[in-house]
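Heads up: the structure comes next, in structure tokens.
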Amino acid sequence: MTGKEQARARQKGGAIKSFLLFIGGLALLAAIALGVGGWLGYRQAVKPGPAREDVIVLLPQGSAVSTIAHQLEDEGVIEHPEIFIAAVRIKGVQSDIKAGEYNIPARSSVMEIIDQLREGKSILHYFTAPEGRTTAQIIRLLNENEVLEGEITIEPGEGELLPETFAFTRGETRDNLVRRMMKDQDALIDALWDDRALELPFSTPEEAIILASIVEKETGLPEERPRIAAVFVNRLKKGMRLESDPTIIYGLTQGEPLGRGLRLSELRKETPYNTYVIRGLPPTPIANPGEASIEAVLNPAETEDLFFVADGTGGHAFAATLREHNANVAAWRKVERERAAQERTTQGGK
């Protein structure tokens, strides 16, 4: 190689080296820029958010991450939607973000909000079906609830709903909650049935629910349920009529309040629900009994009691014989007379 050729080769090599150094410099600058940008982005993602108080946010089902980001900005819980979008993508949790109704705590950072949406910690609402209500009454309560959605298309029978408090998230349908109440009632009776006492005067879970509904309506104090159940169980075993006022009322009003005392003619009227006339159980439950009443019917107290009457304290006086019962009734009538006299005196003094 001549001297000129060697000079050209050195010149060419230097140019390549300079170019490579230039490219390396650009790459370094880019890396530094990315690092600085990532660091700044991370700082934005973990710093406290702009909301000065808790904010309720409802994220519709099927919302894209970008849509959620801009909704969060509109609600005032984040400042930069692009930071939220970038953080979700970097964490790789696009598919983990869950729709729902969220209470975003004040000053939540982007990262904290993402974690909350990933965990699906939606606001829980509650619906309580009180014990002893008829199915129609519980359906009315469901229809009055403003958070539940949709019309009720299911027609549960009397006694098929479990009276309980149910947690749900916004967007749940009334039909779905009815299904849960029916499923839970079936599961409860199935769980309790195998542990029932021996020699009960009924043979099916359906009959147990009927009797439990009567116990539910007759019970004044919760602790009395097993003893009231024992009275009815003992009467059934002896072939005695149950003689339960709530059954008569159900036959007259389908469980709606009567608004007055029973008439003698109603006590004597033959209907499928008049347990002063029929023997055995009525054809259906008269309400939806709770767990305690079902448990009481399946495992009643061990007692010879055949009667009970109000005692003036909210509870009942129990008796194993008619003579004892008549004495308890006389005591109750005296309490009624004294209360009536006191009420007249009070009204007269006004």
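The values are calculated or read from the model by the stated rules, or taken from the named source; none is laboratory data. Treat the numbers as computed from the prediction; the structure is a model and nothing was measured. Because the Cβ atoms are built from the backbone with ideal geometry, glycine has one as well, and the counts that use them run over all protein chains shown. Surface areas here come from the heavy atoms of the whole protein model, side chains and all, with no ligands, DNA or RNA. Shrake-Rupley method; radii C 1.70, N 1.55, O 1.52, S 1.80 Å.
Can you confirm whether the range 328-339 contains a residue that is among the aromatic types (F, W, Y) and within 35 Å of the chain's Cα centre (by Cα)? No, the range 328-339 has no match at all. Consider the range 155-167. How many of its residues are open to solvent by 40 Å² or more (accessible area, probe 1.4 Å) and either touching a Lys or Arg at 6+ places or on another chain (Cβ under 8 Å) or among the aromatic types (F, W, Y) (or both)? Count: 0. The residues of the range 63-118 that are within 29 Å of E172 (Cβ to Cβ) and of a type in the set (G, A, S), listed by number, are S63, A64, S66, A69, G76, S95, A99, G100, A106, S108. Scanning the range 88-143 for residues that are part of a strand (DSSP E or B) and either open to solvent by less than 60 Å² (accessible area, probe 1.4 Å) or modelled with pLDDT under 95 (or both), we see that the one that is farthest from I68 (Cα to Cα) is F127.
Looking at F202, F232, can you tell me which residue is open to solvent by less than 40 Å² (accessible area, probe 1.4 Å), of a type outside the set (S, T, N, Q) and part of a loop (DSSP other than H, G, I, E, B)?
Exactly one of F202, F232 is open to solvent by less than 40 Å² (accessible area, probe 1.4 Å), of a type outside the set (S, T, N, Q) and part of a loop (DSSP other than H, G, I, E, B), namely F202.
Of all residues in the range 168-198, those satisfying the criterion of being loosely packed, with under 13 Cβ neighbours inside 10 Å and either touching a Lys or Arg at 6+ places or on another chain (Cβ under 8 Å) or in contact (Cβ under 8 Å) with a residue 40 or more places away in the chain (or both) are D195, A197.
Please specify each residue of the range 113-150 satisfying the condition of being touching a residue at least 24 places away in the same chain (Cβ under 8 Å) and of a type in the set (D, E). E131, E149 - these are the residues of the range 113-150 that are touching a residue at least 24 places away in the same chain (Cβ under 8 Å) and of a type in the set (D, E).
Listed by position, the helices (runs of 4 or more DSSP H) contained in the range 244-350 that have at least 3 residues being without any contact (Cβ under 8 Å) to a residue 60 or more places away in the chain and open to solvent by 40 Å² or more (accessible area, probe 1.4 Å) are 245-253, 264-268, 322-348. Of the numbered criteria (1) over 31 Å from the mean Cα position of the chain (by Cα); (2) not in a loop (DSSP other than H, G, I, E, B), the one I78 fails is (2). Within the range 208-222, the set of residues being open to solvent by 60 Å² or more (accessible area, probe 1.4 Å) and modelled with pLDDT of 95 or more comprises K217 only.
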